[in-house]
1. Along the charge dipole of the stretch 151-286, pointing to its positive end and built from +1/-1 on Cβ of Lys, Arg, Asp and Glu, which listed residue (Y278, T256, G187) has its Cα farthest out?
2. Rank F246, F357 by accessible area, highest first, at a 1.4 Å probe radius?
3. When every alpha-carbon pair in the stretch 319-412 is counted, what percent end up more than 15 Å apart?
4. Here is the link list: K316/K461; K174/K255; K235/K461; K78/K406; K168/K316; K174/K199. Which ones come out longer than 28 Å on Cα distance?
5. Can you give the calculated 222 nm mean residue ellipticity of the chain, where each DSSP H run of n ≥ 4 adds -39,500 (n - 2.57) and the sum is split over every residue, rounded to the nearest 500 deg cm²/dmol?
6. Specify the inter-centroid distance of the stretch 87-142 and the stretch 489-503, based on alpha-carbon positions, in whole Å.
7. Highest mean first, what order results for 506-515, 95-104 on Cβ atoms within 10 Å?
8. About the Cα centre, and with charges only on the beta carbon of Lys, Arg (+1) and Asp, Glu (-1), how big is the dipole of the chain? Nearest 20 debye, please.
Amino acid sequence: MKKILFTVSVATLLLGCSATKTATTTVEPVKVKKDVTAFGETITAAELKEALYTYASDDFEGRETGEPGQKKAVEYLKKHYVSLGIPSPIAEDDYFQEVPLTKQEAPEVTMLINNKEFKAIDDYVPFGSAIDGVTKTEDIVYAGYGIVTDAFSSYGDIDVTGKVVLIKSGEPKKEDGNYVVSGSSEGSKWSNRQQYGAKQEAAFNKGAKAVLIYDERVYPMAQRMGRSGGRISLKEPKKETPQRYFFFVNGTLAKTIMGAIDTDDKAQTINMPFSLNYASKSKDVASENVVAFLKGSEKPDEILVISAHLDHEGIKDGKVYNGADDDGSGTVALLEIAEAFKEAAKNGQGPKRSILFLHVTGEEKGLLGSRYYTDMDPIFPLKNTVANLNIDMIGRSDPKRKKETKNYIYLIGSDKLSTELHNLSEEVNKKYANVDLDYTYNDENDPNRFYYRSDHYNFAKNDIPVIFYFNGTHADYHQPSDTPDKIEYDLLENRTRLVFYTAWEIANRETRIVVDKPTKKAE
């Protein structure tokens, strides 16, 4: 120790006695071009885990749209981008795209059938939004299964204009056991999850003023939704809408109208007075998308959007729904991807095209944040948007998947609009990631309809090529048990790197992705 100190002192003395002082200069280190894998490898399971244990903690209160927990989430995301030095595309220090929402609270409803009053939530649950008004009729039409097709109609020749229609769930079968509509053992949209929308639409198209749907199995869920505080939707200019109403009803109410509803599906008019007094209630909800932007070096006006939704289910019955997989996994993956691109930019290898990192709100309420971005206020013109890579649930394994490898991901939508994007995705995976790409849910006939159920769809409907990355559902999906300790971080790392490498190729290729399968527009 002493010898070292003496040497330093002598050196200092000699320098101090020197007649000529040497000017100091700062020399920038030479930037050596790196392979993309050097940046991909900055995405690590450890960093993903650290971020997710914060983002999906109880402190964020389940991140419900418009609630305090969601406000904590957006501030967390903003601070991350500020720390990375990735700016906002809106204005300095403004990373929030305001998304105006409205909450349709439980309406005040009085319903009398055959002069007996039935109670909201106990006996019926109002759904959708409706205008205030009073409806009175002297009879109710029972329309069986409420099906209308070119070959078959449950209504027969009954005119339902201005009337109340009672419908039950499901669809009829023939004596041989096959369904009437499909002619096979496979059911149709008239008995799967689409049936409620299809049946009310059919009734309203025939002129019905109110539709009552009876499904004893789903009524408890409808009650829970009715008690949850109302539906949130985008705040849009008020439109002239017809006075019409839609309710789920329980067995007591349904059988007051049609006692044999469980066994009889023949349409008929029932002479029974019906009275409805409906008064809607709503309030504004403030929410926001979080946006960060990396400007392209050669093609800055062409934009690649990488998205994940920031919200979840909030707190219910005192339990926090942390949403670690849905979609905490996608959120922290997006943060890591942004960091990898920023590292590349710092090394002089920034993307040729611009990248918008888009964290959307209100996905759980109906893809609201992404719909606001695409339909109402795109920060960048949609015509300049070359693709959307959407990440929603990539941290777990699907227990229904029987294949040996766990290193997989479901890909949805890659070939829907662009053959080129699909081929690029396959090639990138073979070159860099070797994840098993599973297209099970990409099937047009997938009854789950996942293609329509996450934020990429709002881009796809505008003819923007998309890939939706998804691990499938599990027992903890939309449950308070979706917690960060159940995430498989090695899988999350591999999948996040795959998205990064795919984004890298899209952002840096010479030509933008070609759309060769545009959406068929209604004439």
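The values are calculated or read from the model by the stated rules, or taken from the named source; none is laboratory data. Quick caveat: nothing in here was measured; it's all calculated off a predicted structure. FYI the Cβ positions are ideal-geometry reconstructions off the backbone, even for glycines, and counts take in every protein chain you see. Note: accessible area is taken over every heavy atom of the protein model, side chains too, but ligands, DNA and RNA are not part of it. Shrake-Rupley method; radii C 1.70, N 1.55, O 1.52, S 1.80 Å.
1. Y278
2. Numbers: F246 20, F357 0 Å².
From most accessible down to least: F246, F357.
3. Values: 3134 of 4371 pairs.
Result for the distance tail: 72 percent.
4. Numbers: K316/K461 33 Å; K174/K255 25 Å; K235/K461 21 Å; K78/K406 33 Å; K168/K316 30 Å; K174/K199 20 Å.
Over 28 Å Cα-Cα: K316/K461; K78/K406; K168/K316.
5. Rounded to the nearest 500, it is -7500 deg cm²/dmol.
6. Distance between centres, Cα-based: 41 Å.
7. On the way: 506-515: 16.7, 95-104: 19.7.
The most tightly packed comes first, giving 95-104, 506-515.
8. Numbers: 68 positive and 80 negative charges, 171 e Å.
Using Cβ point charges on Lys, Arg, Asp and Glu, the chain gives about 820 debye.
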